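Contents: one structure, followed by commentary.
The values are calculated or read from the model by the stated rules, or taken from the named source; none is laboratory data. Every value quoted in this text rests on a predicted model; they were computed, and no experiment measured them. All Cβ positions, even for glycine, are placed from backbone atoms using ideal geometry, and neighbour counts span all protein chains on display. These accessible areas exclude ligands, DNA and RNA; they are computed on the full protein's heavy atoms, side chains included. Shrake-Rupley method; radii C 1.70, N 1.55, O 1.52, S 1.80 Å.
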Amino acid sequence: MLNQIRSIFSYNGLLVNLALKELRLQYKHSFFGFLWSMLNPLFMLFIYVFAFKYILHNNVPHFTLFLLIAELPWNFFQGGILSSTNSLVNAASLISKVYFPREIIPLSIVASNLFNFIFTLVILTIAYPISHVSFNFNMLYFPIVLLSQTLFMIALAIILSVITVIYRDVYHFMQIILMAWFYLTPIVYPLSRVPYPMHAFMYLNPMTDFIVEYRLILFHGMSPNWNIMLGTYAFDLILLIFSLWIFRKLSRNIIEYL
């Protein structure tokens with residue numbers, strides 16, 4: 001497994017090039033280009049605010065900012081996971097022509113979505129003064145949560161990409177699962193609205209940890225819950241090791257399925 005990790009790092013130049021290529025293809029022949037990475041979440045934000053604030057009368061203070069802080073990381077997660085699930089299948093021609101660590105493919109998808117996510121944070125910096133919420137020192141903890149979420153996504157992307165090569169139904173299942181996953185994550189509602197006996201169930205969802213910590217840092221201006229963060233990093237490490245093992249085991253005959 002150490003050789004597997006070293007091999008991936010030795011192809012870091014290819015990883016960067018594939019991530020940049022993914023970004024270029026995503027916005028190729030598009031008039032607005034990278035602006036779509038901001039326009040999409042803004043459009044969905046208006047819908048959520050209208051539905052949950054003005055129709056369902058959600059009375060959370062600064063609800064637009066409250067929702068935006070959760071929506072942007074979720075979009076990063078959903079886009080990265082759904083795209084990486086089918087990434088090896090879509091790269092079949094490249095894989096069949098030249099050797100490189102196949103893990104690079106789903107990694108490049110997560111990397112390109114990470115770049116998009118960082119770009120969309122511009123929306124967040126504009127939302128603070130509009131919502132009359134001031135910046136504070138604890139916001140500097142943001143990269144700690146982001147790194148943990150990214151590691152989780154990398155591990156999940158590696159597993160799903162290789163399984164999808166063998167079972168193409170996985171991609172279609174993930175579209176349904178992500179739709180349900182969205183509502184099982186406290187994005188459009190605070191965790192406090194969930195009955196307390198259900199909290200243990202909610203925390204079985206890794207995205208709950210990330211969303212709660214993002215809001216703790218960016219909305220409430222507090223430091224992260226270090227016990228939760230240590231738990232997420234431990235989980236990331238275990239899942240990442242498992243994903244590399246699964247990938248190595250299933251990718252031996254990957255060409256046959258592609």
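For this structure, a couple of remarks:
- Test: residue in the stretch 52-64 that is modelled with pLDDT of 75 or more, within 18 Å of the chain's Cα centre (by Cα) and open to solvent by less than 30 Å² (accessible area, probe 1.4 Å): no
- With a requirement of 2 or more residues that are within 25 Å of Leu88 (Cα to Cα) and either open to solvent by 60 Å² or more (accessible area, probe 1.4 Å) or among the small types (Gly, Ala, Ser) (or both), the helices (runs of 4 or more DSSP H) lying completely within the stretch 172-258 that satisfy it span 226-250, 254-257.
- Some residue of the stretch 21-38 being of a type in the set (Phe, Trp, Tyr), modelled with pLDDT under 90, under 19 Å from Phe115 (Cβ atoms) and part of a helix (DSSP H, G or I): yes
- Cross-chain or 6+ apart pairs with Cβ under 8 Å, the stretch 139-164 first and open to solvent by 10 Å² or more (accessible area, probe 1.4 Å), then among the charged types (D, E, K, R): Leu151/Asp236
- Selected residue (criterion: farthest from Ile159 (Cα to Cα)) from residues of the stretch 84-116 that are part of a helix (DSSP H, G or I) and without any contact (Cβ under 8 Å) to a residue 60 or more places away in the chain: Lys97
- Taken over the stretch 117-140, residues that are assigned to a helix (DSSP H, G or I) and more than 15 Å from Ala70 (Cα to Cα) amount to 7.
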